């Protein structure tokens, strides 16, 4: 790995979200991979970010209340009957 | 988390809506309703006006269904109608909302405190202080209602566009393409907003776990 190809921890942490989404271009992904493999701090942040995404995915999906649903359904019926 | 639908599913769903199928309509209302209200609210002045915008948008949806060809997902298409309706209404209210007030003014600043990194010398940019390590938290602790409240609370304090991007992506499981089309933002903005949002939620979890480990409430 050449010196100019390496990136610092400060830069790596800003790329981790895209890294987890598979949204990094190949050369950048490889650099993050190589960096993380040898860096405890960035590995920690990567693991925590992954867990953050998992926990966010566990949030309950909210719904509208009954009155709000009823209003929209009424509007839909109005449209239907023209 | 709702599953991404295929084009065939979406076209069938659109057809059911056109035929006046109330179950299909309410299915979409339940999936999209809260997000639509929040997104409308970004562009108009009150909750009441946002509700009107949502109704107007649904009307636009059912009237315009003939024009849906499955080139985007149905939910994305619905959101585009919503966003356009909301922006038009906002203009009529003479309410101009700068993008930065929706997206947050912190998009260009680092998501980690610069003080955590070495500021000069050969190791410039390397960690000087490691973030608090909350890995290895037992699953029942991590998934406890209280922890999920921390996540929810952190999302609620985000600038509206950051909050919506993380909700659509990580709570509802939409793809990045759907989210950027739905919210009418660039791919770069979508990525930056999501990154900021995730970093802040991670930070909130870190503070929560560290507070607990130090015996603080």
>> Taking 2.2 N^0.38 Å as the expected size of a compact globular protein, what ratio does the Cα radius of gyration of chain B give against it, to two decimals?
In response: 1.20
> Over all directions, what mean area does the Cα convex hull of the range B:5-75 project, stated in square nanometres?
Replying inline: 4.7
>> If you fit an axis through the alpha-carbon atoms of helix B:74-92 and take the longest principal axis of the Cα set of chain B, what angle between them do you get, 0 to 90°, nearest 10?
In response: 90
>> Can you give me the angle between helix B:7-18 and the longest principal axis of chain B, using Cα atoms only, in degrees from 0 to 90, rounded to the nearest 10?
In response: 50
> If we count other beta carbons within 10 Å of each Cβ, what is the order of B:85, B:46, B:145, fewest first?
Replying inline: B:145, B:46, B:85
>> Using Cβ counts within 10 Å as a stand-in for footprinting exposure, how do B:35, B:96 rank, fewest first?
In response: B:96, B:35
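Let me have the 222 nm mean residue ellipticity of chain B computed from DSSP H runs of 4+ only, each contributing -39500 (n - 2.57), with the sum over all residues rounded to the nearest 500.
-19500 deg cm²/dmol
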>> Take residue B:95 and residue B:46, extend 7 Å from each Cα along the Cα→Cβ direction, and tell me the distance between the two endpoints in nm.
In response: 1.0
> For labels at residue A:79 and residue B:27 in the simple 7 Å Cα→Cβ model, what's the distance in nm?
Replying inline: 1.6
> For B:47, B:133, what's the fewest-to-most ordering of other Cβ within 10 Å of each Cβ?
Replying inline: B:47, B:133
> Computed over the Cα atoms of the range A:3-81, what is the convex hull's projected area averaged over all directions, in nm²?
Replying inline: 8.7
> Helix B:187-213 versus the longest principal axis of chain B: what is the Cα-based angle in degrees, 0 to 90, to the nearest 10?
Replying inline: 50
> When the Cα centres of the range B:154-217 and the range B:100-126 are compared, how far apart do they sit, in Å?
Replying inline: 17
> In square nanometres, what is the average projected area of the Cα convex hull of the protein assembly as shown?
Replying inline: 18.4
>> Semi-axes of the equivalent ellipsoid for the range B:132-213, please: Cα gyration tensor eigenvalues, times 5, square-rooted, ordered largest first, whole Å.
In response: 27, 12, 11
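Read-outs throughout are calculated quantities, based only on the coordinates presented, and are distinct from any laboratory measurement. Since we're looking at a predicted model, the values are computed, not measured. Positions of Cβ are generated from backbone atoms using ideal geometry, with glycine treated the same way; all protein chains shown enter the neighbour counts.
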